[in-house]
Amino acid sequence: MSEPRIVVTGIGATSALGGTAPENWANLLAGVSGTRTMTHEWLETYQIPVTFAAEAVVRPEEVLPRHEAKRLDPSVQFGMIAAREAWEDAGAPDVAPERLGIDWATGIGGLWTLLDAWDTLREKGPRRVMPLTVPMLMPNAGAGNLSLHFGAKAFARTVVSACASSTESIASAYQHLRDGLADVVIAGGSESAIHPITMASFASAQALSRRNDDPEHASRPGAIDRDGFVMGEGGAAVVLETEEHARARGAKIYAYLAGGGVSADAYHITGNDPEGSGAARAVEQALAQAGATPDEVTHINAHATSTPVGDPNEYTALKRVFGERIVEIPVSATKASTGHLLGGTGALEAVFTVLALQHRLAPPTINMTEPDPEVPFLLSGQPQPLGDGPQLAISNSFGFGGHNAVVAFRSV
C-alpha cells in the first residue's frame, strides 16, 4: 500500500507585514520593511540599548473578542488569529474530531504572562495572581487552545525547539499524516517575545542589530555590513491534509508538503556548527522523504537571520548538499522584511515558500546593498521568477540548542 501524499489547503499569517497571509505576501513582494522604532515606556525605564523591532501591525485585541484575548497569552493570541485564517482559507474542512490533529510550536511561550504574574506577586501578593496564570504561560497553551477551539481530538502536540520550532512542527505534521494518525492537521507556530527581558538579553549577547538610527534597514541577511537580527512577532499556520481527503471534498491545493528533516548539532547551546553537518543532514532527510535529489531544488527560503556568524554557517551547510550549484538556486531571506519571529518564524517562512511555488516567484531580500563574498547566495532585491516547470523548494530553520529543521514543498 502506497503512503499518502500530503497537501497544503489553507494558509494564515500575521506579522509586521500584515494581519493576513495575502497582506504579508503583497508587502513582502513590494519590498516593505516591517521594522520600526518602538514607543514603549519600558525602553527608557530599563535603558534598553536596542529601540526597534518588527512588531505585528494588527494587534490581537483588534481581532479577538476581549473575553477570549484575556484568557490567552499574546503568543497564543497570534497563533489563534493565524490558525483561524488558515482554517477558513481551507474551507473549514468537514472532518471527524478524532481525525483532526494539531501540531503547534513556540520557542519561548507565555513570557508576558509569566513575568506579569511575577510583578503582580511581588507588588500585590499571591491572592492577586490570576488562577489562569499557569494554563496561559505553559508552552503547550497554543496547541491546547487550538485543540479546544477546533475540536481536534486526534492529538494536540507541541514542539519547543527555539527558532526551529514551527518548521519542526510542520515536519511532525507531515509524519503524523503519513502514519495515518489524522486526515487533517493544523500546523504552525507563534511568538510574542518583544519584551524588556528578551530585548535586553539578546542585546547583551550582541545578537541584535544596533541600527537605532535606521531601523528599516537593520535586518540585512547576506550583506557584508550586517550586525545582528531584528526581533519580530506574530504567527503563521498551514492546514495540511492527505491528498485523498482534500480531493474528495474538492479543496483547493496550494502545494504538496513533500518531506521534512530534523537533526541536532550537539555543538553549542547558542551557536550552530560552522561545518554545517547537522543542518546539511536535515536538508538531506527532507529531500530523501520527498524522493528528490539536490538537483531538483529550484528555490530556498533561507534561515538567514542577518547575524555575522549565522549566515555564512548556513551557506557552508547548504554547499555541503548542493555543491557549486548553490550559487545558482534563487534564495530568499525574508527575515529582512519580517524580522525574526523565533518559534513562529519557520511557519511564516513555510507560508512564503508555498506562495513562492504557487506564484512561481522567489520573494525579494531587501537591504542587501553590498553582498558578503562569504555568503554568495543568489539573493535579489527584486522577486526572482522560478519558471514554468516543476518546482521543489525547501525552507530552513535553525535554533538555539543546535536544532535544525527543514521542510520541502513541491508545486502542484
Using a 1.4 Å probe on heavy atoms of the protein chains only, the accessible area for residue 153 in Å², nearest 10, reads 140 Å²
Dividing the convex hull volume of the Cα atoms of segment 254-412 by its residue count, what figure in Å³ per residue is obtained?
96 Å³
From DSSP H assignment alone, runs of 4+ in the chain each adding -39500 (n - 2.57), the sum over residues rounded to the nearest 500 puts [θ] at 222 nm at -9500 deg cm²/dmol
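Rank by packing, highest mean first: peptides 85-96, 272-283, 39-50, 179-190, with packing defined as the count of other Cβ atoms within 10 Å averaged across residues. Let's see the in-between values first.
Details: 85-96: 17.9, 272-283: 21.5, 39-50: 12.8, 179-190: 27.1.
Per-residue mean Cβ counts within 10 Å order the peptides as 179-190, 272-283, 85-96, 39-50.
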Label points 7 Å out from Cα along the Cβ direction at residue 412 and residue 120: separation in nm?
4.6 nm
How do 387-396, 338-347, 55-64, 301-310 rank on mean C-beta neighbours within 10 Å, highest first?
338-347, 301-310, 387-396, 55-64
Please name which of 27, 190, 254 has its Cα lying farthest along the dipole of the chain towards the positive end, using unit charges on Cβ (Lys, Arg +1; Asp, Glu -1) and the Cα centre as origin.
190
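Which order do 316, 242 take by accessible area at a 1.4 Å probe, largest first? Each step should come with its number before you reach the end.
Details: 316 50, 242 15 Å².
So, going from the largest accessible area down, we get 316, 242.
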In order through segment 368-384: 3J(HN,Hα) via Karplus (6.51 cos²θ - 1.76 cosθ + 1.60), integer Hz, x for Gly, Pro:
8, 6, 10, x, 7, x, 7, 10, x, 5, 7, 9, 8, x, 10, x, 9
What's the FRET efficiency of residue 267 with residue 224 using the Cβ-Cβ distance as r and R₀ = 35 Å, to the nearest 0.05?
0.85
In whole Å, what are the extents of segment 122-184 along the principal axes defined by its C-alpha atoms, from largest to smallest?
51, 28, 12
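Would you work out the charge dipole size for segment 1-100 about its Cα centre, treating the Cβ of every Lys and Arg as +1 and the Cβ of every Asp and Glu as -1, and quote it to the nearest 20 debye? Let's see the in-between values first.
Values: 8 positive and 14 negative charges, 10 e Å.
Charge dipole of segment 1-100: 40 debye, to the nearest 20.
Quick one: if the Förster radius is 35 Å, what FRET efficiency do residue 40 and residue 134 give, using the C-beta to C-beta distance and rounding to 0.05? Write down the numbers at each step before the final one.
Details: r = 26 Å, r/R0 = 0.75.
Taking R0 as 35 Å, the efficiency between residue 40 and residue 134 is 0.85.
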Would you please classify the overall shape of segment 326-388 from the alpha carbon gyration tensor, given that a ≥ b ≥ c denote the square roots of the eigenvalues, rounded means a/c under 1.5, and beyond that prolate means a/b larger than b/c while oblate covers the rest?
oblate
How do the peptides 160-166, 123-129 rank, highest first, by the average count of neighbouring beta carbon atoms within 10 Å per residue?
160-166, 123-129
Please name which of 111, 300, 409 has its Cα lying farthest along the dipole of the chain towards the positive end, using unit charges on Cβ (Lys, Arg +1; Asp, Glu -1) and the Cα centre as origin.
111
Protein accessible area in segment 1-152, 1.4 Å probe - carbon and sulfur %:
55 percent
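Counting alpha carbon pairs within less than 8 Å and at least 6 residues apart, what relative contact order, in whole percent, applies to the chain?
Details: 1143 pairs, mean separation 98.0, N = 412.
It comes to 24 percent, rounded to a whole number.
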Please give the Cα centre distance for segment 141-174 versus segment 276-326, rounded to the nearest Å.
25 Å
For segment 55-94, build the charge dipole from Cβ charges (+1 Lys, Arg; -1 Asp, Glu) around the Cα centre, then report which of 83, 57, 72 sits farthest towards its positive end.
72
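Write down the Kirkwood hydrodynamic radius of segment 71-168, to one decimal in angstroms, obtained as one divided by the mean of 1/r over all alpha carbon pairs.
Details: mean 1/r = 0.0692 Å⁻¹.
Answer for segment 71-168: a Kirkwood hydrodynamic radius of 14.4 Å.
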Please report, to two decimal places, log10 I(q)/I(0) for segment 20-106 at q = 0.15 Å⁻¹ as given by the Debye formula with identical point scatterers on the Cα atoms and no solvent.
-0.82
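Looking at the chain, how many pairs of lysines come closer than 27 Å at the Cα, when each pair is eight or more places apart or spans two chains? Kindly include the intermediate steps, with their values, before the conclusion.
Numbers: 70/124; 70/153; 153/252; 319/335.
Counting lysine pairs in the chain gives 4.
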Once phi is turned into θ = phi - 60°, what whole-Hz ³J(HN,Hα) does the Karplus curve with 6.51, -1.76 and 1.60 give for every residue of segment 92-99, x standing for Gly and Pro?
6, x, 7, 9, 4, x, 6, 10
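Would you please give the FRET efficiency between residue 71 and residue 96, computed as 1/(1 + (r/R0)^6) with r the Cβ-Cβ distance and R0 = 22 Å, to the nearest 0.05?
Details: r = 27 Å, r/R0 = 1.23.
With a Förster radius of 22 Å, E is 0.20.
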When the dipole is taken about the Cα centre of the chain, and only Lys, Arg (+1) and Asp, Glu (-1) are charged at their Cβ, what size is it in debye, to the nearest 20?
860 debye
Could you do me a favour and compute the accessible area per residue for the chain, 1.4 Å probe, result in Å²?
39 Å²
Using a 1.4 angstrom probe with every protein chain in place, what is the largest-first accessible-area order of 315, 267?
267, 315
Any idea of residue 245's accessible area? Nearest 10 Å², probe 1.4 Å.
40 Å²
Mind checking the dipole of segment 62-172: about its Cα centre, +1 per Lys or Arg Cβ, -1 per Asp or Glu Cβ, Debye to the nearest 20?
560 debye
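The values are calculated or read from the model by the stated rules, or taken from the named source; none is laboratory data. Quick caveat: nothing in here was measured; it's all calculated off a predicted structure. As a convention, Cβ positions derive from the backbone with ideal geometry for all residues, glycine included, and neighbour counts pool all protein chains shown. Keep in mind that these areas ignore ligands, DNA and RNA; they rest on the heavy atoms of the full protein, side chains included. Shrake-Rupley method; radii C 1.70, N 1.55, O 1.52, S 1.80 Å.
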